[in-house]
1. When the scattering of the range 18-75 is computed by the Debye formula from its Cα atoms alone, each counted once and equally, what is log10 I(q)/I(0) at q = 0.20 Å⁻¹?
2. Given a 1.4 Å probe and heavy atoms of the protein chains only, how would you sort 35, 106, 80, 113, largest accessible area at the top?
3. Please compute P(r) over all alpha-carbon pairs of the range 85-152, binned at 5 Å starting from zero, and give each bin as a whole-number percent.
4. Report relative contact order for the range 35-89 in percent, whole number only (criteria: Cα-Cα under 8 Å, sequence separation at least 6).
5. Peptides 57-63, 134-140: what's the order by average Cβ count within 10 Å, highest mean first?
6. Compute the length gained on full extension between residue 68 and residue 118: take 0.36 nm times their separation in residues and subtract their Cα-Cα distance, giving the result in nm to one decimal.
7. Could you tell me which label, among (1) 15.8, 58; (2) 14.0, 43; (3) 15.2, 55, carries the value of Rg and Dmax of the Cα atoms in Å calculated for this structure?
8. Out of the DSSP beta bridges found with both residues in the chain, what percent are antiparallel (nearest 5)?
Amino acid sequence: MGWSETDRDFMQAAIDEARAAHEAGEVPVGAVLVYEGQVAGRAGNRTITDSDPSAHAEILAIREAAAAIGNHRLNGSTLYVTLEPCPMCASAISQARVQRVVFGAYDDKAGAYGSAVDMTESPALNHRSEVNGGVMADDIAAMLKSFFESRR
């Protein structure tokens, strides 16, 4: 499996961010970046709110953590995200030198860690993160399914 009870606790914090994004009318994706055992950045999707196609939860959590830490390199950190990151986010994760990525639901349409594409071994990325997927996947997938069904 590759995840622990601590991973589940931090994933729950990411789920809380996803719920807040949903309440704001965004696709319910949330992310929490943990550095030295503490949450250094957290966010939900804000692409609609910010009119910014790059305002994915992962990118926003990375930005917040980098500012809090005062370094663009997040060596030793773990990013918890409710949905498998897309290629844009996987690239940002690599640039930030995130050590580990733990995600919930798999994304067959845009997932960059094995679902749609597999960027874990891409020569285009200069840093490789350890990746663990499927944490609380059923609960997260149900939340996403409910969101998209309500939009139809």
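1. Each listed q maps to, in turn, -0.67.
2. Numbers: 35 60, 106 125, 80 10, 113 30 Å².
Result, largest first: 106, 35, 113, 80.
3. Values per bin, smallest distances first: 4, 17, 25, 23, 15, 9, 5, 2, 0.
4. Rounded, it is 37 percent for the range 35-89.
5. Values: 57-63: 26.0, 134-140: 18.3.
Result, highest mean first: 57-63, 134-140.
6. Details: separation 50, 0.36 × 50 = 18.00 nm, distance 3.03 nm.
Length gained, residue 68 through residue 118: 15.0 nm.
7. Evaluating Rg and Dmax of the Cα atoms in Å on these atoms matches (2).
8. Details: 11 of 20 bridges.
Within the chain, antiparallel bridges account for around 55 percent of the total.
The values are calculated or read from the model by the stated rules, or taken from the named source; none is laboratory data. For clarity, every value in this text was computed on a predicted model and none was experimentally measured. Every residue, glycine among them, receives a Cβ derived from its backbone with ideal geometry; neighbour counts consider all protein chains shown. Note: accessible area is taken over every heavy atom of the protein model, side chains too, but ligands, DNA and RNA are not part of it. Shrake-Rupley method; radii C 1.70, N 1.55, O 1.52, S 1.80 Å.
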